[in-house]
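Asker: Structure below; questions to follow.
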């Protein structure tokens, strides 16, 4: 009887150890944990939620409408520059993430240059130091995004929502932020030189020390925004919001 009990306890312990990787993960993650980068060139509409795709090279992959909510995409490569050794020429394509669900996904240090993220869901996603140079994020949902020092140079964010997001120190020069919703968004020390912010809602936004030289603020709502020491479009330094 004692031996049988010990055997049962040992068996239970082994089973528990084998499932240590499941602890703390949502039920969906336990049954949908991907780690293989080579899943084909067309992942449109696929359910890839909670998958681990860290360091994957997904250049030119079609992710249109894919569900990547909660996925771990740290340092993923979605840079559309492809080197063709046979033709000895560089071909430019764009990773298509139109309508993709990336809510809560970790895209820290990800390379998303020129990626198409039109109408994508990036709510509460992590984009710390990610590179989205010339990316298309028109009407994308980026509320509560964590994206300090993100690179959005010449990016298209027309009509996107970024309320309560953290874009401290972001590089957003020459980006199109027209008609964006930036309520209480942290943009302190962000580079917004020559950015188009026409019609943007910047109510209570934090723009402390931001560089707005040459930016278009036509029709922008800056009610309650903190512009302390921000460089305005005409080159003057604002004292609005300073103690």
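Values quoted throughout were computed directly from the atomic coordinates according to the rules given, and no laboratory measurement underlies them. Bear in mind that the values here come from a model prediction, so they are computed numbers and not experimental data. Note: ideal-geometry Cβ built from the backbone for every residue, glycine included; neighbour counts use all protein chains shown.
Asker: For the peptides 221-231, 205-215, what is the packing order when you average, over each peptide's residues, the other Cβ atoms within 10 Å and list the highest mean first?
Answerer: 205-215, 221-231
Asker: Still on this model: Between residue 164 and residue 139, what is the label-point separation in nm under the 7 Å Cα-to-beta-carbon projection?
Answerer: 2.4 nm
Asker: Turning to a different aspect of this structure: Which FRET efficiency, nearest 0.05, do residue 41 and residue 149 yield, Cβ-Cβ r, R0 30 Å?
Answerer: 0.45
Asker: Could I ask something else about it? Efficiency by 1/(1 + (r/R0)^6): what FRET value for residue 57 and residue 237, r their Cβ-Cβ distance, R0 = 51 Å, to the nearest 0.05?
Answerer: 0.70
Asker: Here's another thing I want to ask about it. Just check region 178-230 against the gyration tensor rule for me: Cα atoms, a ≥ b ≥ c as the square roots of the eigenvalues, rounded for a/c under 1.5, and otherwise prolate or oblate depending on whether a/b exceeds b/c.
Answerer: Judged from the Cα gyration tensor, region 178-230 comes out oblate (a/c at least 1.5, b/c at or above a/b).
Asker: I'd like to compare 100-107, 194-201: which one has the highest average count of other Cβ atoms within 10 Å, and what's the full order after that?
Answerer: 100-107, 194-201
Asker: Further, regarding this structure: Shape of region 141-242 from its Cα gyration tensor (a ≥ b ≥ c, root eigenvalues): rounded if a/c is under 1.5, otherwise prolate when a/b > b/c, or oblate?
Answerer: In terms of gyration-tensor shape, rounded.
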